[in-house]
1. Output ³J(HN,Hα) for the stretch 170-182: one whole-Hz value per residue in order, computed from phi by the Karplus curve 6.51 cos²θ - 1.76 cosθ + 1.60 with θ = phi - 60°, and x for Gly and Pro.
2. Per residue, how much accessible surface does the stretch 35-88 expose to a 1.4 Å probe? Answer in Å², no decimals.
3. Rounded to whole Hz and in sequence order, give me ³J(HN,Hα) for the stretch 245-253 from the Karplus expression 6.51 cos²θ - 1.76 cosθ + 1.60, θ = phi - 60°, writing x for Gly and Pro.
4. Which longest run of the chain has no exposed loop site in it, a site being GluC sites (Glu not before Pro) in a DSSP loop with at most 14 other beta carbons within 10 Å, and the site itself not part of the run?
5. Suppose R0 equals 30 Å; then what is the FRET efficiency for Asp216 and Leu33 from their Cβ-Cβ distance, rounded to the nearest 0.05?
6. If Thr236, Thr205 are ordered by their accessible area, calculated over protein heavy atoms with a 1.4 Å probe, which sequence runs from highest to lowest?
7. How large is the Kirkwood hydrodynamic radius of the stretch 1-125, counting all unique pairs of alpha carbons, in Å?
8. Using a 1.4 Å probe, what is the accessible area per residue for the stretch 97-185, in Å²?
Amino acid sequence: MELIQIILLSLLQGLTEFLPISSSAHLILFPALSGWADQGLAFDVAVHVGTLIAVVWYFRTQLVVMLRDWFFSVQQRRRVGDSNLAWAVGIGTIPVGLAGLLFKDIIETPAMRSPLVIAVATIVFGLLLWWADVQGKRKRDEHSIGWRDVVVIGLAQAVALIPGTSRSGITMTAGLIMGLNRAAAARFSFLLSIPVIVLAGGLNTLELIESPLPVDWNSLLLGVGLSAISAYLCITLFLKALERIGMFPFVVYRLALGVVLLWIYL
């Protein structure tokens, strides 16, 4: 990979992983539109490790509390502090984990990763995000999440296996529909991303270990660092600005991107 490709794709992954605009769509489309060869599995693993580092570091204090309270809740068999949020993250991950295992071969086919599928998903789920942002009551925070919320948001996250949907976008959409405020929907979406990135990265790492292809470790380390920095800045700025700007700018971007893709590939 060329240096400019490493830099741009790493920054792109870090910025789009947590914005409601689909990182997988951009990582598929950008090389295709630029004429670059596919960056390969090893690089995809590296930039996902970078985004994982970013989200864990950002929520490090809350994660420690959640894990501590979860341990006490198991020990005492009752709700303790933030144990409810920890259980919500764990159980909310089950649908996407099962869907990934059951439909992995279908999801990774060229037909599913085509620009047309990405364009349609980008537009449809962009409009759904706009509707949820306008119609949602936005009166609750993530600490009020119940089992009904967990089921709806967890199932929504499974839908994000379709390229162009956006994992963060669809989980924020579901959170808004269930009455969470914008910041709460985003924070829970980001917490929910941690086990998903771990699972996806773990599966890709196993594939990488079995691959006979050589690994450019310098490129991978650079990808980890740049994606971690850009992802951390993205999370910080997005959460600060979200209540003020809402979801509308991201909806407009998604619609514009979808229309451009349809115009190019139809």
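1. Here the 3J(HN,Hα) series is 6, 6, 5, 4, 5, x, 5, 4, 7, x, 6, 6, 4 Hz.
2. Values: 3020 Å² over 54 residues.
Solvent-accessible surface per residue comes out at 56 Å².
3. 9, x, 8, 4, x, 6, 5, 4, 4
4. Working: sites that count: Glu2, Glu108.
It runs 109-266.
5. Details: r = 23 Å, r/R0 = 0.78.
In this case the efficiency is close to 0.80.
6. Working: Thr236 30, Thr205 55 Å².
Per-residue accessible area, sorted high to low, gives Thr205, Thr236.
7. Details: mean 1/r = 0.0582 Å⁻¹.
The Cα-based Kirkwood calculation yields 17.2 Å.
8. Values: 4120 Å² over 89 residues.
Per-residue accessible area for the stretch 97-185 comes out at 46 Å².
The values are calculated or read from the model by the stated rules, or taken from the named source; none is laboratory data. Bear in mind that the values here come from a model prediction, so they are computed numbers and not experimental data. Backbone-built Cβ (ideal geometry, glycine too); neighbour counts: all protein chains shown. All accessible areas refer to the heavy atoms of the entire protein, side chains included, with ligands and DNA or RNA removed. Shrake-Rupley method; radii C 1.70, N 1.55, O 1.52, S 1.80 Å.
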